[in-house]
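We did not get these values from a lab; they are worked out from the coordinates using the rules stated. Owing to the predicted nature of the structure, the values given are computational and were not obtained by experimental measurement. Cβ sites come from the backbone with ideal geometry, for glycine too, and all protein chains shown count toward neighbours.
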Amino acid sequence: MRPLQFLILTLSFTNLLLATSVNVVAQNQAVKPPNLIVIMTDDLGYADVGFNGCVDIPTPHIDSIANSGVKFTNAYVSYSVCGPSRAGFITGRYSQRFGFERNPQYLPSDPNMGLPLSETTLAEALGKTGYRCGVVGKWHLGAHQNHHPLNRGFHEFYGHLGGGHRYLPEDLTLEDSAAASSENESYRTLILNDRTPVKTSKYLTDEFSDAAVRFVEKNKEQSFFLFLSYNAPHLPLQATPKYLERFNEIKNPKRKTYAAMVSAVDDGVGQLLETLKENNLEQDTLIFFLSDNGGPTTKNASRNNPLRGNKGDVWEGGFRVPFAARWPAKFPKGSVYDLPVSSLDIFATIAALSSAKLDEQRPLDGVNLVPYVRGEIQTPPHNAIYLRKFDQQRYAIRRGEYKHVVPVKGGKSQLYNLKDDIGETKNLALQEPDTLAELEALRKTWSAELIDPIFLGLIHLPSFQKKQTRKTPEKTGQKK
Ligand code: CA
């Protein structure tokens, strides 16, 4: 062989090798599932983000998730108060199926007061496929050690175990989380770094935003799932001058503090998005933003307009929430998705993308949203969206344009057409009895699959019941 021929042959072989290795890399990149970040706010009103029309509280960073991804206009959580809604999201299943239907009491000594160990969490499912999983912020799925995030599939935790927390570092004085003997005391515990109480120095929302950034920086070389679970803007209403002074034009003091709290969350979302950008992770990270339930408007001055009702209700204001998702690699930019979807779909979506193994005995209630968002499937993702509140025997069933409501225990069924009447003002039960009957039949079929609650909730505490007796009957309900 002449030297030139040898050189050409060698070069061709090298090119072939290079091309093959590039193909392998491309294939690996094509099948690598995205990172997942779920940003959940606590008691944020439907109308309190810019992408749903809010004008007095700018939320540019939260809005950028919707503007560079998908805004969902008919998105529901699976319950209208914190704990059960989170139990639904983290398992991808209606929590009424496994008896988590009340806000748990803060009882570190009670192993039954929390998410049943028989259920699989999203972190457990993703961890088995190699994801690194972290939760930052509010847990609220049980304060007993059995329910600690590190015992439920998460590798890292920076937050608090209970249903709410005080925001100012000087208020956090109780070192031992297990020693908190009441809900109020649990709001004052030190923040846990994994299992270790740590003294914090910043406004709590800023602490959580910093921890979220640290988690991404630390785990950027591998697939990760970050559940960024802000306790803001849940009570107590507390903010620092840095955020309050942005809202001097808001005269209602409650709304002003609430606005400052939401603004702090928006700053944190901005920091997190910037971290993804700096590390070239934007394309490969799927982000969901949502609230865990509707706004409790009279308590934290949130707004759910044009929806009827509040946190705790079976009206739309109870469980239709701000909801957006961004995945630049796959989701059409700036799109709007109007068919009903559920927070339960987050689990099903990432499970499909990551090929996570599922428990056949406990099927998911959600669907993989990707083909719907991309317009590859035109039919509705869900036959219906369901809500039961056991203690009040209240129900809501949403199918298509229609919603069937049992608003009070023993009350007559009502029917609304949400397309024409988003505020649920015109009861069509008498005009459209056939539709009502179909939805009632769905309700009965679904209810038959549920069990009774397996633990007592906050509503059964004497302190809660005392508060309720001072209220009018129509305002009673499970509120936290
Ligand atoms: Ca909540």
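Under the rule of -39500 (n - 2.57) per DSSP H run of 4 or more residues, summed and divided by the residues of the chain, what mean residue ellipticity at 222 nm is obtained, to the nearest 500 deg cm²/dmol?
-9000 deg cm²/dmol
Using the Karplus equation 6.51 cos²θ - 1.76 cosθ + 1.60 (θ = phi - 60°), what ³J(HN,Hα) coupling, rounded to whole Hz, does each residue of segment 49-62 give in order, writing x for Gly and Pro?
Rounded to whole hertz, the list is 10, x, 6, 10, x, 5, 10, 8, 10, x, 10, x, 6, 4.
Given a cut-off of under 8 Å on Cα pairs at least six residues apart, what relative contact order in percent is computed for the chain?
Dividing the mean separation by the residue count of the chain yields 23 percent.
If we count other beta carbons within 10 Å of each Cβ, what is the order of I350, I377, I459, I422, fewest first?
I377, I422, I459, I350
Would you work out which of N248, N280, S263 lies farthest towards the positive end of the dipole of segment 210-318, given +1 charges on the beta-carbon of Lys and Arg and -1 on that of Asp and Glu, about the Cα centre?
Sorting the options by dipole projection puts first N248.
With +1 on each Lys and Arg Cβ and -1 on each Asp and Glu Cβ, and nothing else charged, work out how big the dipole of the chain is about its Cα centre, in Debye to the nearest 20.
520 debye
Can you list which of the chymotrypsin sites (Phe, Trp or Tyr not before Pro) found in segment 47-137 are DSSP loop residues with at most 16 other C-beta atoms within 10 Å?
Passing sites in segment 47-137 do not exist.
Kindly identify segment 161-276 as rounded, prolate or oblate by the Cα gyration tensor criterion: order the square roots of the eigenvalues as a ≥ b ≥ c, call it rounded if a/c is under 1.5, otherwise compare a/b with b/c, prolate if a/b is larger, else oblate.
Verdict is oblate for segment 161-276.
Could you tell me which of S354, Q96, I65 has its Cα farthest along the dipole of the chain towards the positive end, charges placed at Cβ (Lys, Arg +1; Asp, Glu -1), taken about the Cα centre?
Q96
In debye to the nearest 20, how big a dipole does segment 92-167 give about its Cα centre with +1 on each Lys and Arg Cβ and -1 on each Asp and Glu Cβ?
For this selection, approximately 140 debye.
Quick one: if you stick a label point 7 Å off each Cα along the C-beta vector at L168 and E274, how many nm between them?
2.7 nm
With charges set only on the Cβ (+1 for Lys and Arg, -1 for Asp and Glu), what does the dipole of segment 44-173 come to about its Cα centre, in debye to the nearest 20?
Taking the Cα centre of segment 44-173 as origin, the dipole is about 420 debye.
State the percent of C-alpha pairs, over all pairs in the chain, separated by a distance greater than 30 angstrom.
Of all Cα-Cα pairs in the chain, 45 percent lie more than 30 Å apart.
Within segment 345-404, list the chymotrypsin sites (Phe, Trp or Tyr not before Pro) lying in a DSSP loop whose Cβ has at most 15 other Cβ atoms in a 10 Å radius.
Qualifying residues, ordered by number: none.
Between L172, G375, G457, whose Cα lies farthest towards the positive end of the dipole of the chain when Lys and Arg beta carbons carry +1 and Asp and Glu beta carbons carry -1, centred on the Cα centre?
Result: G457.
Report the rotationally averaged projected area of segment 350-398 based on its alpha-carbon convex hull, in square nanometres.
Value for segment 350-398: 5.0 nm².
Of T435, T129, T120, how do they rank once you tally other Cβ atoms within 10 Å and put the fewest first?
T129, T435, T120
Calculated FRET efficiency, K199 and K251, Cβ-Cβ r, R0 56 Å, to nearest 0.05?
0.95
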